[in-house]
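**Q** I am attaching a structure below and will ask some questions about it afterwards.
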Amino acid sequence: MLRRIRLEEDDILRELSKDKAAQIVHAFLEPSSEIEYGGYIDELNINSVLKNVLKNRGIIRFYRFQEIGIRKIMEGKDIVIVAGTGTGKTETFLIPILNDVLNNPFEGTKALLIYPTKALARDQAKRIDFFTRNLFGVRYAIFDGDIDRRKRDKIFMNPPPILITNPDMIHVSLIYSENFKKMVKNVKYIVFDDFHVYSGVFGTHVAYVFRRLNRFLGNVQVIGSTATIRNPLDFSKKLFGRDMDIVMERGSRRGDTIHVFIKPIERSKFLEALKLIKFCQERNFKTILFADSHRVVEFLKRLGEKYGLRLYVHRAGLRPEERTEVEKRFREGEINTVVATPTLELGIDIGHVDTVILFNIPATFSKYIQRIGRGGRRGQKAYVFTILGNDPISSYYENHPEDFWKRGLEPLYIDINNIEIMATHLVAMVADCPVNYLKLSEKEIRIVEKLVEEGILRRKRNYLFITRKGWAFLRKRMNLRGVGEMVKIVSENNKTIGFREKSMAIKELFPGAIYIHGGIPYLSLKFKNNIAVVRRLPKNIALYTVPLYYTVPDEIDVLEEKTIYNIPVKYLKLNITDTVYAYIVKDFFKNIKIKEEILKESIEYKFNTKGILINFPYNDEWTDIENAEAFHAIEHALISISQTIIGASLSDMGGVSFPTGHIYIYDAFPGGSGLSYQLYNDIVTALKRAYRLVNECNCIDGCPKCIYSPYCGNNNMILSRKRARYVLNEVLMRKVRRIEISRMGKPIV
C-alpha cells in the first residue's frame, strides 16, 4: 500500500525541495513486497540435463507462481502468467518447453515464442540462449523481417524446436509462405509474451492472426505472459477464443519506490527534466527519462549537451544496432542516463535502474507501471519523478492524486466485431488457404458477400478464392498496427520513406504540413491518390503545424442507449467525414502562432466507426455561439478526462459538438477500437471528473490546463470553461428537464 511521505523523511526529497523554481506537489512511498517461494527444482519431474543446467545458472528453487505455472503447462493447460517485471515469467514458460524438447527431440518446430516487437524478440533471444547454449539438440531461431532469404531457407530446411517471431511476420508468412505453414503444423506451444500490448486495434488484428494460424495447427497449447493486466480471464478469452487458467503473483523483487509529482514553476518542463537529470548524475544514479515523442527526446539531448550533460537517446527510427549499443552500454554501466520513447517500455534487458523520470503522465496506468518497473530491481530504493505540465491531466491529478493511484490497471479491450479488421482477415484467410463458405458465421457471411460483390473474393461452389483485386486490397492492409487505407510517403525522387494510416495522414501530411518520421522533419509538398510527396527539412527546425478541420458525424445504427441524469446517452455506429481545409504554423518551444494558411484544395476522408452521443440540454437564455462554447468545452473535457478512466490518449478518440447540445465522442480508428464503449459504460464517472476539471481551474474562461486540446480542429476557439461548468453542474445536480431537439448548426471539433 502507498502512503504519503513527508519531504523531510527522505534525503533526496529534502534536497530537491530546496529548489524554489519547482514544487514537489505529491510524494508517496511504495514499500517493497516479497514474492512467495515454492518448491525446489529437484521436486519437479523435469529432465536431469535441464536440472543441471538450471542449477549451474543459480536456479535451485522456484517462486510459488513459477512452480504452479510450470506444473500447469506440463499438464497441458492453457495459462496466463501475471507477475511483476523481473520476477521470472520467462523461466515459467520456457522450462516446460525445454523439458519437452529434450524428452521428445527431432519433432521439428515445437514452440512459437511471439513478441510484440522485433527489438523485444531479439533481446529475449539472449535470455533463451542463456538457458539453451549447453543443451544438446535444443536450438532456437529468430524469424522476422530482418533475416535474409538465405537464413529463412535454412530455417525452413532444418526447423528449430523453438522459433522466436512476432505477429506481423506470422501475418505475412501465412499469406505468402507455404514453407512456413508446413513448418508450424507440429507446433505444440504458442507463447504470447507481454501480451498486454495486444489491446485495441493491434490486439484485434492479433486475435484474427491467431485464429488464422490455428487453422494450420493441431492441438496447440496457448500461454500468455504479462506484468500489467486487470482482466486476464476476460481479455484472454476474447484474444484467444478459449478459457485460460490464471497464474498470478502480486509481489515484486523491487526495493522501496518513492513516487514524486513535481511541478516546474519558474522554468519549462524541458529545463525541469534536465535539472532532474543533472541532480541524478551528480549522485551517480542510473536514470531513464521517458517521453512520448522523438522530437522531445532529441531536443532534450541537444539542450542537455549545452548544459554539459551526456545523454543517450533510445527511440524508434534509430538503426537496431544503435539501440542495441545504447542498451548494452547502459546495462554494463558505461553510461548512466538514457532518454527514451516507449521503445524501452517493454521487457528489454537494460540492467538495474535507480531513477525513472516521466516527461508526461502516461496515457494508461499500465504504461506507468511498465515504465517505473525498471527501477529498484536490485532491491535498492528507486525514485520516480513525474513532471506535471500545463495540461488538463496534470491539472486534474495535481488536485486529485488519489484518483491516479485508485485507478489501478485499466481493463484491456479488443473489439472482435470490428468490421474493417474482420474484412481484412477474411480476405487474408482466403489467401492463406481457400475457405469453406458453409463454415463461416452469419456475420462473416454478410462481410464475405460484400467482398464477393466488390470482386475482392470469388465463390466457386462452397469455397472462396482470392481475386487479383483481392491481392491489391490485401497489399494495402498489411499493417497490423492500424486500420483501413494507407498513405504512402515518398521523397521528391520517389523513394519510399514510410506509410501512415489515411485517417491520421490527412491531418499530418496535408500540403504545407511538417511531418516527423524517424526523428527527421519533412515538409509535405503534395497529397493525392493516397501518396504524400515530402521534402527533408533541417533537423533543428523548431516549427510544427496544426490542421484546421471540421467533422460531420452521420448516425448509422443505435447499438445501446440509456438515460443518465435525465439526459439521453447512446452507443452507436457512425460514419465520420473529416475535412481538412487550412493549417496553422507554430513555434515548437514558444507555442505561438507564426501564420495561418488555407489549403488550395481541402482533403476529405470518410470512415465508419463506433462512438457515443450525449444529448445535453440547449439553453434558451444563451445565444447559439454561447451554447456552442459550452458544448465544445465539455467535449474537450470529456476526451481529456477519459485518460483517467479508460486510459485513452488524446489521439485515440475524436469528438464533435453542435450548438444544440449534441456531443459525439468516437473511436478514431475505422471500425472502432472499443474505447468509446468503455467510456459509455463509465459515463457517470466521466461527467463527474469533467466537472471537477472545469470547476477547479482558476483561469478566466479556458486555458491549456482545463479545456484546450492540441487536437482541436478550431485552434481552441469557441470555448467557455464557465459555461461548461454551468451545464455540467446543472446535469449533475439533476436540474435539467429532458428536452430533445434536432441536431442543428455548424459542427465544432
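**Q** Have a look at Phe131, Phe62, Phe136, Phe106 and point out the one that is in the same structural domain as Asp234 (by TED's automatic domain parsing) and crowded, with 21+ Cβ neighbours inside 10 Å.
**A** Phe62
**Q** Still on this structure: What about Ile541, is it touching a residue at least 12 places away in the same chain (Cβ under 8 Å) and in a strand (DSSP E or B)?
**A** no
**Q** Related question: So which strands (runs of 3 or more DSSP E) are wholly in segment 448-505 and hold at least 2 residues that are in contact (Cβ under 8 Å) with a residue 40 or more places away in the chain?
**A** 486-491
**Q** Looking at (1) closer than 23 Å to Ile646 by Cβ; (2) in contact with a Lys or Arg (Cβ under 8 Å, 6 or more places away or on another chain); (3) hydroxyl-bearing (Ser, Thr, Tyr), which is the one condition that is false for Ser225?
**A** Only one criterion in (1) closer than 23 Å to Ile646 by Cβ; (2) in contact with a Lys or Arg (Cβ under 8 Å, 6 or more places away or on another chain); (3) hydroxyl-bearing (Ser, Thr, Tyr) is unmet by Ser225, namely (1).
**Q** Now a separate question. Does Glu334 satisfy being more than 19 Å from the chain's Cα centre (by Cα) and either part of a strand (DSSP E or B) or among the charged types (D, E, K, R) (or both)?
**A** Taking the combined requirement at face value, the residue satisfies it.
**Q** For segment 589-619, give me each residue that is surrounded by 14 or more Cβ atoms within 10 Å (Cβ to Cβ), farther than 28 Å from Ser673 by Cα and not assigned by TED's automatic domain parsing to the domain that holds Gly654.
**A** Result: Glu597, Leu599.
Matching residues to (1) more than 19 Å from Asn418 (Cα to Cα); (2) of a type in the set (Ser, Thr, Tyr); (3) without any contact (Cβ under 8 Å) to a residue 24 or more places away in the chain; (4) surrounded by 22 or more Cβ atoms within 10 Å (Cβ to Cβ):
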site: Asp146; (1), (2), (3), (4): yes, no, no, no
site: Asn158; (1), (2), (3), (4): yes, no, yes, no
site: Thr165; (1), (2), (3), (4): yes, yes, no, no
site: His171; (1), (2), (3), (4): no, no, no, yes
site: Asp193; (1), (2), (3), (4): yes, no, no, yes
site: Tyr198; (1), (2), (3), (4): no, yes, no, yes
site: Val201; (1), (2), (3), (4): no, no, no, yes
site: His205; (1), (2), (3), (4): no, no, no, yes
site: Arg211; (1), (2), (3), (4): no, no, no, no
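**Q** I'd like the full set of residues that are over 26 Å from the mean Cα position of the chain (by Cα), under 18 Å from Lys746 (Cα atoms) and among the acidic types (Asp, Glu), limited to segment 573-611.
**A** The answer is Glu604, and nothing else.
**Q** While we're on this one: Has segment 295-310 got at least one residue that is in contact (Cβ under 8 Å) with a residue 60 or more places away in the chain and under 25 Å from Thr85 (Cα atoms)?
**A** no
**Q** Looking only at segment 629-657, which residues are touching a residue at least 60 places away in the same chain (Cβ under 8 Å), buried (at least 24 other Cβ atoms within 10 Å of the Cβ) and in a loop (DSSP other than H, G, I, E, B)?
**A** Gly647, Ala648
**Q** Give segment 350-364 a look and list any residue that's in contact with an Asp or Glu (Cβ under 6 Å, 6 or more places away or on another chain) and within 23 Å of Ile35 (Cα to Cα), or say none. Talk me through it step by step, then tell me what you get.
**A** Here is the first cut: in segment 350-364, the ones in contact with an Asp or Glu (Cβ under 6 Å, 6 or more places away or on another chain) are 350, 360, 364.
Ile350 - this is the single residue of segment 350-364 that is in contact with an Asp or Glu (Cβ under 6 Å, 6 or more places away or on another chain) and within 23 Å of Ile35 (Cα to Cα).
**Q** Sort out which residues of segment 318-337 are β-branched (Val, Ile, Thr) and either in contact with a strand residue (DSSP E or B) (Cβ under 6 Å, 6 or more places away or on another chain) or surrounded by fewer than 16 Cβ atoms within 10 Å (Cβ to Cβ) (or both), and write them in order of number.
**A** Within segment 318-337, Val326, Ile335, Thr337 qualify.
**Q** Would you check if there is a residue in segment 707-723 being surrounded by fewer than 18 Cβ atoms within 10 Å (Cβ to Cβ), assigned to a helix (DSSP H, G or I) and in contact (Cβ under 8 Å) with a residue 12 or more places away in the chain?
**A** Checked segment 707-723: at least one residue is surrounded by fewer than 18 Cβ atoms within 10 Å (Cβ to Cβ), assigned to a helix (DSSP H, G or I) and in contact (Cβ under 8 Å) with a residue 12 or more places away in the chain.
**Q** List pairs: first residue in segment 71-95 and more than 25 Å from Gly373 (Cβ to Cβ), second residue surrounded by fewer than 22 Cβ atoms within 10 Å (Cβ to Cβ) anywhere in the structure, Cβ distance under 7 angstrom, at least six positions apart or on different chains.
**A** Between residues of segment 71-95 that are more than 25 Å from Gly373 (Cβ to Cβ) and residues that are surrounded by fewer than 22 Cβ atoms within 10 Å (Cβ to Cβ), the close pairs are Gly76/Gln221; Lys77/Asp245; Asp78/Gln221; Asp78/Val222; Asp78/Arg242; Asp78/Met244; Asp78/Asp245.
**Q** I want to confirm something. Restricting to segment 213-227 and keeping residues that are among the hydrophobic types (A, V, I, L, M, F, W, C) and surrounded by 20 or more Cβ atoms within 10 Å (Cβ to Cβ), which single residue is farthest from Gly86 (Cα to Cα)?
**A** Checked segment 213-227; the qualifying residue farthest from Gly86 (Cα to Cα) is Leu213.
**Q** Within segment 194-204, is there a residue that is in a strand (DSSP E or B), closer than 24 Å to Thr87 by Cα and outside the structural domain of Leu426 (by TED's automatic domain parsing)?
**A** No, because not a single residue in segment 194-204 is in a strand (DSSP E or B), closer than 24 Å to Thr87 by Cα and outside the structural domain of Leu426 (by TED's automatic domain parsing).
**Q** I've got another one for you. Can you name the strands (runs of 3 or more DSSP E) wholly within segment 9-72 that have at least 1 residues being more than 25 Å from Phe404 (Cβ to Cβ)?
**A** Where strands (runs of 3 or more DSSP E) fall fully within segment 9-72 and carry at least 1 residues being more than 25 Å from Phe404 (Cβ to Cβ), they are 37-40, 61-63.
**Q** Here's a follow-up. For residues in segment 506-538 being free of Cβ contacts under 8 Å to residues at least 60 places away in the same chain and not in a strand (DSSP E or B), which is farthest from Ser602 (Cα to Cα)?
**A** Step by step, filter segment 506-538, then rank; the result is Pro538.
**Q** Of all the residues that make up segment 291-310, how many are part of a loop (DSSP other than H, G, I, E, B) and crowded, with 21+ Cβ neighbours inside 10 Å?
**A** 1
**Q** For segment 244-290: of the residues being in a loop (DSSP other than H, G, I, E, B) and of a type in the set (A, V, I, L, M), which is surrounded by the fewest Cβ atoms within 10 Å (Cβ to Cβ)? Outline the logic, then answer.
**A** Let us first name the residues in segment 244-290 that are in a loop (DSSP other than H, G, I, E, B), namely 244, 249-256, 265-268, 283-286.
From what is left, the residues that are of a type in the set (A, V, I, L, M) are 244, 265.
Numbers: Met244: 19, Ile265: 10.
It comes out as Ile265.
**Q** Quick check on segment 156-163. Is at least one of its residues more than 28 Å from Tyr666 (Cα to Cα), outside any helix (DSSP H, G or I) and in contact with a Pro (Cβ under 9 Å, 6 or more places away or on another chain)?
**A** There is at least one residue in segment 156-163 that is more than 28 Å from Tyr666 (Cα to Cα), outside any helix (DSSP H, G or I) and in contact with a Pro (Cβ under 9 Å, 6 or more places away or on another chain).
**Q** So, of the residues in segment 710-733 that are of a type outside the set (A, V, I, L, M, F, W, C) and in contact with a Phe, Trp or Tyr (Cβ under 6 Å, 6 or more places away or on another chain), which turns out to be modelled with the highest pLDDT?
**A** That would be Asn716.
**Q** Do we find that Thr343 is within 19 Å of Ser649 (Cα to Cα), modelled with pLDDT under 90 and either part of a loop (DSSP other than H, G, I, E, B) or not assigned by TED's automatic domain parsing to the domain that holds Phe130 (or both) in this structure?
**A** It is true that Thr343 is within 19 Å of Ser649 (Cα to Cα), modelled with pLDDT under 90 and either part of a loop (DSSP other than H, G, I, E, B) or not assigned by TED's automatic domain parsing to the domain that holds Phe130 (or both).
**Q** State the number of residues belonging to segment 220-243 that are closer than 22 Å to Val435 by Cβ and part of a loop (DSSP other than H, G, I, E, B).
**A** 3
**Q** Also, quick follow-up: Considering every residue within segment 38-57, establish whether at least one is among the small types (Gly, Ala, Ser), touching a residue at least 60 places away in the same chain (Cβ under 8 Å) and closer than 29 Å to Ser366 by Cα.
**A** No; the residues of segment 38-57 include none that is among the small types (Gly, Ala, Ser), touching a residue at least 60 places away in the same chain (Cβ under 8 Å) and closer than 29 Å to Ser366 by Cα.
The values are calculated or read from the model by the stated rules, or taken from the named source; none is laboratory data. Fair warning: this is a prediction, and the values are worked out from it, not measured in the lab. Every residue, glycine among them, receives a Cβ derived from its backbone with ideal geometry; neighbour counts consider all protein chains shown.
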